[in-house]
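Here is the structure we will look at, set down as structure tokens.
The values are calculated or read from the model by the stated rules, or taken from the named source; none is laboratory data. The shown structure was predicted, so the numbers you read here are calculated from the model rather than taken from an experiment. Using ideal geometry, Cβ is built from the backbone for each residue, glycine included, and neighbour counts are taken over all protein chains shown. Keep in mind that these areas ignore ligands, DNA and RNA; they rest on the heavy atoms of the full protein, side chains included. Shrake-Rupley method; radii C 1.70, N 1.55, O 1.52, S 1.80 Å.
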Amino acid sequence: MPTEFLERLVWDQDDIEHMSWRECRIFAMAIQSDTFEVIFDAEYIYEAIYPEVTGQPFKIRRAPVTIVFENVRGLEFDFSYLETNISSLERLELDTDKARGMDRSVLFEWYFNCYSGNISVLATGFKVFVRKPPKLDSYRTLEERGGISFERSFTEC
């Protein structure tokens, strides 16, 4: 990931090629039907530092983020058990059945591949809001990351 991501507080679908979602974790989800949004409370991993490279304990540079999918027209889950660590996020072309007469040039299927299943969101795009500065640590509890939140603003800590 380019170093400018450490300083940016909001990313969007145009940044997907520069983002890695491997091992990022989803903590909670909300549906805002009045604004057609699906919102995830997640933790974005900027960097993993492995012991064999540094000789130090395993560390991860991460930050809590809010992911907002916009103009959502569909949402599907398929999990064999509840494990929400992500292996990748893909933008897929819509097939005719899923598009159902919608303008396919502005509607995409965003597909989270998780280790125990998948999340599919039909939406025009997404924004990722960084809520706190990236921190280097080995593990962070839910309380240490500020609990569950769908805030879209940045807070220094």
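Total residues in the stretch 25-50 satisfying the condition of being within 22 Å of Arg62 (Cα to Cα) and assigned to a loop (DSSP other than H, G, I, E, B): the figure is 1.
Determine, yes or no, whether Arg61 is charged (D, E, K, R), at negative phi, part of a strand (DSSP E or B) and touching a helix residue (DSSP H, G or I) at 6+ places or on another chain (Cβ under 9 Å).
Values: charged (D, E, K, R): yes; at negative phi: yes; part of a strand (DSSP E or B): yes; touching a helix residue (DSSP H, G or I) at 6+ places or on another chain (Cβ under 9 Å): yes.
Yes, satisfied.
Residues that are open to solvent by less than 70 Å² (accessible area, probe 1.4 Å), out of contact with any Leu (no Cβ under 7 Å at 6 or more places or on another chain) and under 16 Å from Thr66 (Cα atoms) within the stretch 130-149 comprise Arg131, Lys132, Pro133, Leu142, Arg145, Gly146, Gly147, Ser149, listed in sequence order. Restricting the stretch 100-127 to residues that are more than 21 Å from Ile31 (Cβ to Cβ) and at pLDDT below 75 leaves a set whose member that is surrounded by the most Cβ atoms within 10 Å (Cβ to Cβ) is Arg104.
Every residue, every condition in (1) farther than 22 Å from Tyr139 by Cα; (2) open to solvent by 90 Å² or more (accessible area, probe 1.4 Å); (3) charged (D, E, K, R), yes or no:
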{"position": "Pro57", "(1), (2), (3)": "no, no, no"}
{"position": "Phe69", "(1), (2), (3)": "yes, no, no"}
{"position": "Phe79", "(1), (2), (3)": "yes, no, no"}
{"position": "Glu90", "(1), (2), (3)": "yes, no, yes"}
